[in-house]
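The values are calculated or read from the model by the stated rules, or taken from the named source; none is laboratory data. Quick caveat: nothing in here was measured; it's all calculated off a predicted structure. Here the Cβ positions follow ideal geometry from the backbone for every residue, glycine too, while neighbour counts run over all protein chains shown. These accessible areas exclude ligands, DNA and RNA; they are computed on the full protein's heavy atoms, side chains included. Shrake-Rupley method; radii C 1.70, N 1.55, O 1.52, S 1.80 Å.
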Amino acid sequence: MTDGMDELMGGLAAVFAHPDDESFGCAGALALAHDAGRVTRLLVATRGEAGLPEGAAPEEAFGDVRERELVTAAQTIGLDEVTILEGYADGGLADAPFAQLVDDVAVWLASRRPDAVITFGSHGVTGHPDHVVIGSAVRWAVYVVSPVFGPGPNRFDLSPEEQGATHRIDITQVAERKVAALEAHRSQSDTAEELAALRAAIEAGTPVFEGYTRVRPAVPAPHPKFDARIW
């Protein structure tokens, strides 16, 4: 344990599979927690080395690119700590020993004791195997709040169709930082749609929300009345 670690106990932590998952999923909540004086930290299972742009030739050092982008995004959001697990391949979490992954996540969390943890739900948002596996690993180890994403034009106001969110966080005041965090992952072309939607919402002056479903302990979805805190 490093000097001063006791001062960094608690707060809000996020555990994801790849660099940029944090910016898509919960940059707003993390930024708000940071601004409120809470410790914010991120654990990423892989370096994202398989996330090459479409048509790009394999590049041995692409993991270094993704890691640098992650650091930039983390600084934009205001994270106190970013950790990347060693030994897990991008696209290969489903093939890794699950018990070892659970242990690695549990050790990281136990040494920091966050008040709440954000990770993927059972669907992994996109169904990506890495997302599903890391979310499952975290749920084995900790009480979890998982990001909720909904289809269509209502993604920012969390319509009833958006998977029964239990918590809605108004991130309007930090929406520009979420945009900047996504922009930091410049190697990833799939950020374009999310960036366009966020910019349109900001320019229109409409509120921007992130939605979450509490997984453990389970609570019923209260829509249209949401809880406004996840930590």
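Quick check on my filter: what residues within segment 37-51 are open to solvent by less than 10 Å² (accessible area, probe 1.4 Å) and on the phi > 0 side of the Ramachandran plot? Before the answer, list the steps.
The first filter runs over segment 37-51 and keeps only residues open to solvent by less than 10 Å² (accessible area, probe 1.4 Å), leaving 40-46, 48.
If the condition is that a residue be open to solvent by less than 10 Å² (accessible area, probe 1.4 Å) and on the phi > 0 side of the Ramachandran plot, then GLY48 is the only one that fits.
Give the residue, chosen from VAL82, VAL105, that is within 23 Å of HIS34 (Cα to Cα), touching a residue at least 24 places away in the same chain (Cβ under 8 Å), open to solvent by 20 Å² or more (accessible area, probe 1.4 Å) and β-branched (Val, Ile, Thr). Show your work before the answer.
Numbers: VAL105 fails: open to solvent by 20 Å² or more (accessible area, probe 1.4 Å).
From the options VAL82, VAL105, the qualifying one is VAL82.
Quick one: which of ALA106, ALA31, ALA73, ALA99 is of a type outside the set (Phe, Trp, Tyr), within 26 Å of MET9 (Cα to Cα), in a helix (DSSP H, G or I) and in contact with an Asp or Glu (Cβ under 8 Å, 6 or more places away or on another chain)?
Selected residue: ALA73, the only one of ALA106, ALA31, ALA73, ALA99 that is of a type outside the set (Phe, Trp, Tyr), within 26 Å of MET9 (Cα to Cα), in a helix (DSSP H, G or I) and in contact with an Asp or Glu (Cβ under 8 Å, 6 or more places away or on another chain).
Can you tell me which of (1) within 21 Å of ALA29 (Cβ to Cβ); (2) at pLDDT 95 or above; (3) in contact with a strand residue (DSSP E or B) (Cβ under 8 Å, 6 or more places away or on another chain); (4) not aromatic (Phe, Trp, Tyr) is the one ALA73 doesn't meet?
For ALA73, the exception is condition (3).
Let me confirm something: among HIS34, HIS18, which residue is at pLDDT 85 or above, under 13 Å from the mean Cα position of the chain (by Cα) and open to solvent by 10 Å² or more (accessible area, probe 1.4 Å)? Quick ask: steps written out before the conclusion?
Details: HIS34 fails: under 13 Å from the mean Cα position of the chain (by Cα).
Every option except HIS18 fails the conditions.
On the basis of being among the acidic types (Asp, Glu) and at pLDDT 90 or above, does GLU49 make the cut? Break it down into steps so the answer makes sense when it comes.
Details: among the acidic types (Asp, Glu): yes; at pLDDT 90 or above: yes.
For GLU49, the condition - among the acidic types (Asp, Glu) and at pLDDT 90 or above - is met.
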